[in-house]
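Undergrad: Just dropping this structure here.
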Amino acid sequence: MGELLPLMLQGAWVTLQITFWASLLAIACAVLGALGRLSPFAPLRWFSITYIEVFRGTSLLVQLFWLYFVLPMPPFHVELSAFSVAVLGLGLHIGAYGAEVMRGAIRSVAPGQYEASLALNMTPLTRFRRIILPQALLAAIPPGTNLLIELLKNTSLVSLITLSDLAFRARQLDQATFMTLEIFGLTLVLYFLMAQAINLAMRLVERRLGRGRIKGGLA
Amino acid sequence: MSMQQRFDDSPMVRPSRRDGSAEPLVRFDQVTKRYGSLTVLDQLNLEVSPGEKVAIIGPSGSGKSTLLRALMTLETIDDGVIEVDGEPLTHMPTAGGHLIPANARHQRRIRGRIGMVFQSFNLFPHMNALQNVIEAPVQVLGMSKAEASQRGEELLAMVGLEDKLGHYPAQLSGGQQQRVAIARALAMRPKVMLFDEVTSALDPELCGEVLNVIRQLGEAHNLTMLMVTHQMGFAREFADRVCFFYKGRIHEQGTPEELFGNPREERTQAFLSAVNEAH
Ligand SMILES: Nc1ncnc2c1ncn2[C@@H]1O[C@H](COP(=O)(O)OP(=O)(O)OP(=O)(O)O)[C@@H](O)[C@H]1O
Ligand SMILES: [Mg+2]
């Protein structure tokens with residue numbers, strides 16, 4: 001067990017890094033995708049809809065394969081490291097689901113908030129950045145937390161594009177040592193802890209965004 | 001201070017608009033607003049002088065809110081012109097003197113002269129009282145945070161909330177929230193303030209504190225006010241002029257004494273007696 005742990009933790013570290021960067025990308029994609037969908041400018045709307053439907057409508061594994069195996073070939077010639085592909089693929093994939101969550105959250109902000117912002121002569125950008133987004137993010141936190149945990153779980157696919165994440169290390173060590181119960185038990189615990197870390201982080205963000213508001217975000 | 005006096009001061013024939021003395025601050029000229037086949041404002045004319053306090057009363061659905069919302073640019077209008085301080089709100093003149101639909105910049109410039117307080121307060125729930133008040137001065141007027149905060153504290157003190165600066169809307173009573181909303185609108189230094197049934201969402205015992213603030217505002221500042229209200233008592237004591245709305249038009253108007261004491265139109269009489277009965 002003593003020799004197992006460092007390798008397992010190495011795998012967990014890879015998983016954690018991918019999850020972290022992909023989450024940031026997913027959140028950015030979610031906000032921008034939702035904004036695009038709600039934009040009065042039609043080409044922007046179509047672009048967002050295409051993004052959302054393509055990434056929701058096809059399998060993550062195939063998306064990863066595309067980014068990793070197809071993009072380097074002609075006519076694209078885009079070669080990305082396995083790690084970048086993992087972050088990009090997971091971020092775009094979960095971001096597409098997130099965009100729909102954000103769209104709902106933005107629309108859930110009371111119309112009176114738009115009216116008050118307009119009456120105070122705010123520009124649309126100020127209104128979105130300072131008034132609408134903080135409230136929409138708060139509303140998006142419960143479904144958003146689910147999506148980020150989903151993202152964490154989906155990281156186990158990255159071993160198929162050569163990354164040594166936690167799930168990959170577990171299988172590798174299992175084949176080498178046959179300590180099946182210990183290894184997969186530990187794997188379970190590590191994934192669980194990471195999911196709890198996401199929960200906790202999101203709870204902290206919720207507390208920050210929801211400061212002064214009745215719990216649950218509805219003031 | 002009465003309407004009569006105001007009229008006596010100004011000649012019957014409008015002075016040439018250039019001299020400015022009798023220039024209305026707000027002017028609705030043949031303004032029409034429709035929702036589908038429903039005409040909500042029907043070729044409406046209204047002029048409000050600087051410093052004048054106008055109360056707007058009338059039955060539900062007669063277009064009172066729409067009038068204020070059109071002036072605040074929350075609604076577009078289908079016909080006519082609204083002018084604020086001599087400049088059209090939804091249109092702008094070209095070099096050749098033609099009116100074309102206003103661009104965003106022109107609208108923002110004119111809109112800056114108007115402030116509005118809503119029935120449902122519409123405070124920003126993620127900001128405390130002071131943050132609510134300083135948000136627009138900082139973000140829109142580019143005021144420094146220190147300056148905005150100092151003014152914000154003064155304004156909140158003026159509405160009697162100097163001890164609630166750090167309270168969030170969820171921690172304030174309706175009356176307190178509405179007073180923050182008034183301070184927030186005033187922080188933008190509007191020339192015209194619009195009040196749309198600002199006490200209707202409040203328990204009766206909380207109305208007084210909000211009305212007191214408005215009363216005080218009217219006395220202390222030369223602020224022009226348009227107020228939609230169901231509180232005839234307040235309209236009577238506070239307003240220079242009362243407009244009775246009916247079906248998208250001003251059906252009758254006059255000083256509070258005239259309109260409440262001696263309404264000429266049948267509709268006005270019916271409305272006022274119905275209101276009196278309800279109380
Ligand atoms: N967005 C809208 N779409 C369709 N009809 C609308 C819309 N907004 C208002 N109306 C209609 O326009 C009419 C005038 O509405 P408005 O809100 O101006 O009335 P009001 O005089 O303020 O009434 P109240 O005293 O009930 O507030 C009403 O018949 C209302 O149903
Ligand atoms: Mg109304």
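The numbers here are math on the coordinates, done by the rules we state, and not lab data. Remember, predicted model here, so these are calculated numbers, not experimental data. Counting neighbours? That spans all protein chains shown, and the Cβs are built from the backbone with ideal geometry, glycine included.
Undergrad: Taking the Cβ of B:E197 as the center, what net charge do the other residues with Cβ under 15 Å away carry, scoring Lys and Arg +1 and Asp and Glu -1?
TA: After counting each charged neighbour, the total is -1.
Undergrad: Each label point is 7 Å from the Cα along the Cα-to-Cβ direction; what then is the distance between the points at A:V70 and A:L193, in nm?
TA: 3.8
Undergrad: Taking every residue in B:70-79, how many Cβ atoms of other protein chains lie within 10 Å of its Cβ, on average?
TA: Partner-chain Cβ atoms within 10 Å, mean over residues of B:70-79: 1.
Undergrad: How large is the Rg to Rh ratio of the stretch A:15-218 when both quantities use alpha carbon positions and Rh follows Kirkwood?
TA: 1.05
Undergrad: Could you please report the charge total around A:R169, scoring K, R as +1 and D, E as -1 over all other residues with beta-carbon less than 15 angstrom from its beta-carbon?
TA: Within the 15 Å Cβ shell, the charges total -3.
Undergrad: Shifting gears a bit: Which residue fluctuates the most in chain B, going by a Gaussian network model with Cα springs under 10 Å, if the choices are B:Y168, B:Y246, B:Y35?
TA: So, out of B:Y168, B:Y246, B:Y35, the one fluctuating most is B:Y35.
Undergrad: Could I ask something else about it? Given R₀ = 25 Å, what would the calculated FRET efficiency be for B:S173 paired with B:A220, taking r from the Cβ atoms and rounding to 0.05?
TA: So, using R0 = 25 Å, E works out to roughly 0.55.
Undergrad: Okay, moving on. Return the FRET efficiency for the residue pair B:R264, B:D79: r is the Cβ-Cβ distance, R0 is 30 Å, and the value is rounded to the nearest 0.05.
TA: About 0.60, to the nearest 0.05.
Undergrad: While we're on this one: For the protein assembly as shown, compute the orientation-averaged projected area of the C-alpha convex hull (one quarter of its surface), in nm².
TA: 32.5
Undergrad: How well do other chains shield peptide B:134-141, expressed as the mean number of their Cβ atoms within 10 Å of each residue Cβ?
TA: Mean inter-chain Cβ contacts per residue within 10 Å come to 5.
Undergrad: Oh, and also: Along each principal axis of its Cα atoms, how long is the stretch A:146-219 end to end? Whole angstroms, biggest number first, please.
TA: The Cα atoms of the stretch A:146-219 stretch 56, 26, 13 Å along their principal axes.
Undergrad: Right, next: Quick one: the Cα spread of the stretch A:74-175 along its three principal axes, in angstroms, biggest first?
TA: 65, 36, 17
Undergrad: What is chain A's relative contact order, in percent, from Cα pairs under 8 angstrom and six or more apart in sequence?
TA: With pairs under 8 Å counted, the relative contact order is 28 percent.
Undergrad: I've got another one for you. What is the Cα coordinate range of chain B on the first, second and third principal axes, sorted by size from largest, in whole angstrom?
TA: 56, 50, 43 Å, listed from the longest principal axis down.
Undergrad: For the pair A:R208/A:W46, report the inter-label distance in nm, with labels modelled 7 Å from Cα in the Cβ direction.
TA: With each label placed 7 Å out from Cα toward Cβ, I get 3.9 nm.
Undergrad: Something else: Taking beta carbons within 10 Å but only from partner chains, what does the mean come to for residues A:106-116?
TA: Neighbouring Cβ atoms belonging to other protein chains average 4 per residue here.
Undergrad: Through the Karplus equation 6.51 cos²θ - 1.76 cosθ + 1.60, θ set to phi - 60°, convert the phi angles of the stretch A:75-92 into ³J(HN,Hα) values in whole Hz; use x for Gly and Pro.
TA: x, 7, 6, 9, 10, 10, 5, 4, 5, 4, 4, 4, 5, 4, x, 5, x, 5
Undergrad: Could you give the C-alpha radius of gyration of the stretch B:81-176 expressed as a fraction of 2.2 N^0.38 Å, taking N as the number of residues it contains?
TA: With N residues counted in the stretch B:81-176, Rg over 2.2 N^0.38 Å equals 1.39.
Undergrad: What would the Debye equation give as log₁₀ I(q)/I(0) for the stretch B:56-99 at q = 0.19, 0.24 Å⁻¹, counting only Cα atoms as equal point scatterers?
TA: Values returned for q = 0.19, 0.24 Å⁻¹ are -0.66, -0.89.
Undergrad: With r as the distance between the Cβ atoms of B:K145 and B:A201 and R0 = 30 Å, compute the FRET efficiency 1/(1 + (r/R0)^6) and round to 0.05.
TA: It comes to 0.45.
Undergrad: What number of lysine-lysine pairs in the protein assembly as shown show an alpha-carbon separation below 25 angstrom, given a sequence spacing of 8 or more or placement on distinct chains?
TA: 12
Undergrad: Using Cβ contacts closer than 10 Å as the measure, can you line up B:K145, B:K33, B:K247 from fewest to most?
TA: With the sparsest Cβ surroundings first, the list reads B:K145, B:K247, B:K33.
Undergrad: Same structure again: Using all C-alpha to C-alpha distances in the stretch B:195-279, build P(r) with 5 Å bins and read off the rounded percent in each one.
TA: With 5 Å bins starting at 0, P(r) equals 3, 13, 23, 25, 19, 12, 5, 0.
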